[in-house]
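**Q** Questions regarding the structure given below will be posed in turn.
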Amino acid sequence: QVHLTESGGGLVQPGDSLRLSCAASGSISSIYMMGWYRQAPGKQRELVATITNGGRLNYADSVKGRFAISRDNAKKMLYLQMNSLKPEDTAVYYCNGGGVFGSWGQGTQVTVSS
């Protein structure tokens, strides 16, 4: 399994944008599906977005039209562009490669507050 490291979180105001990055320690070319998940205080971890090697995208209804997931296999990177952020987007965001039993990053905190 590859080691994943997220970055790019922070404290922003409602309506702002953030771009999360996930760097892999090894090749991700053979990982069919990669994704972003998040966990808010007191809530279960939930899917945010996934992307397959073939570019098939899937988004949670709550982020459709605002977030965009992308991957760069050559750079061993996964990204999440988050626009029009809302307070309910506040959570720890995790990078995942290979599904629930795959690789997970340590998480990056995103806080949306005025």
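**Q** When residues of region 59-71 are filtered for being assigned to a strand (DSSP E or B), in contact (Cβ under 8 Å) with a residue 12 or more places away in the chain and either of a type outside the set (D, E, K, R) or open to solvent by 50 Å² or more (accessible area, probe 1.4 Å) (or both), how many remain? Let's see the steps before the verdict.
**A** Residues of region 59-71 assigned to a strand (DSSP E or B): 59, 67-71.
Now restrict to residues that are in contact (Cβ under 8 Å) with a residue 12 or more places away in the chain: 67-71.
Add one more test, that the residue is either of a type outside the set (D, E, K, R) or open to solvent by 50 Å² or more (accessible area, probe 1.4 Å) (or both), and what stays is 67-70.
So the count comes out to 4.
**Q** Related question: From (1) in contact (Cβ under 8 Å) with a residue 40 or more places away in the chain; (2) charged (D, E, K, R); (3) closer than 15 Å to Arg38 by Cα, pick out the condition that doesn't hold for Lys76.
**A** Single failed check for Lys76: (3).
**Q** Among what's in region 29-38 and is open to solvent by 60 Å² or more (accessible area, probe 1.4 Å) and under 19 Å from Ala68 (Cα atoms), pick the residue that is nearest to the chain's Cα centre (by Cα).
**A** Across region 29-38, the extreme among qualifying residues is Met33.
**Q** Working only within region 42-56, note down all residues that are under 20 Å from Leu18 (Cα atoms) and surrounded by fewer than 14 Cβ atoms within 10 Å (Cβ to Cβ).
**A** Passing the criteria: only Glu46.
**Q** Another question about this same structure. Considering (1) small (Gly, Ala, Ser); (2) open to solvent by 40 Å² or more (accessible area, probe 1.4 Å); (3) not in a strand (DSSP E or B), say which one Gly26 fails and leave the rest.
**A** Going through the list (1) small (Gly, Ala, Ser); (2) open to solvent by 40 Å² or more (accessible area, probe 1.4 Å); (3) not in a strand (DSSP E or B), Gly26 breaks only (2).
**Q** Let me ask something else about it. If I filter region 6-16 for residues that are among the β-branched types (Val, Ile, Thr), open to solvent by less than 30 Å² (accessible area, probe 1.4 Å) and assigned to a loop (DSSP other than H, G, I, E, B), do I get at least one hit? Even if it seems obvious, please write down each step before you answer.
**A** Our first condition is that a residue be among the β-branched types (Val, Ile, Thr); within region 6-16, this holds for 12.
Then drop every residue that is not open to solvent by less than 30 Å² (accessible area, probe 1.4 Å), which leaves 12.
Now drop any that are not assigned to a loop (DSSP other than H, G, I, E, B), which leaves none.
No, the conditions are met nowhere in region 6-16.
**Q** Find the residue count for region 43-58, including only residues that are at pLDDT 95 or above and either touching a Leu at 6+ places or on another chain (Cβ under 6 Å) or in a loop (DSSP other than H, G, I, E, B) (or both). Spell out how you get there, then give the answer.
**A** If we filter region 43-58 for residues that are at pLDDT 95 or above, which is where we start, we get 43-52, 56-58.
Applying the additional criterion that residues be either touching a Leu at 6+ places or on another chain (Cβ under 6 Å) or in a loop (DSSP other than H, G, I, E, B) (or both) yields 43-45, 51, 56.
Total meeting the criteria: 5.
**Q** Now for a separate question. Residues being open to solvent by 40 Å² or more (accessible area, probe 1.4 Å) and either of a type outside the set (D, E, K, R) or in a strand (DSSP E or B) (or both): count how many of those fall in region 72-103. Break it down stepwise before answering.
**A** As a first pass, look at region 72-103 and keep what is open to solvent by 40 Å² or more (accessible area, probe 1.4 Å): 72-76, 81, 83-84, 86-88, 98, 100-101.
If we keep only those that are either of a type outside the set (D, E, K, R) or in a strand (DSSP E or B) (or both) too, we end up with 72-74, 81, 83-84, 87, 98, 100-101.
Residues in region 72-103 being open to solvent by 40 Å² or more (accessible area, probe 1.4 Å) and either of a type outside the set (D, E, K, R) or in a strand (DSSP E or B) (or both): 10 in total.
The values are calculated or read from the model by the stated rules, or taken from the named source; none is laboratory data. Quick caveat, the model's predicted, so the values are computed rather than measured. Cβ sites come from the backbone with ideal geometry, for glycine too, and all protein chains shown count toward neighbours. The protein model used for the area step is the full one, side chains on, heavy atoms only, and it has no ligands, DNA or RNA in it. Shrake-Rupley method; radii C 1.70, N 1.55, O 1.52, S 1.80 Å.
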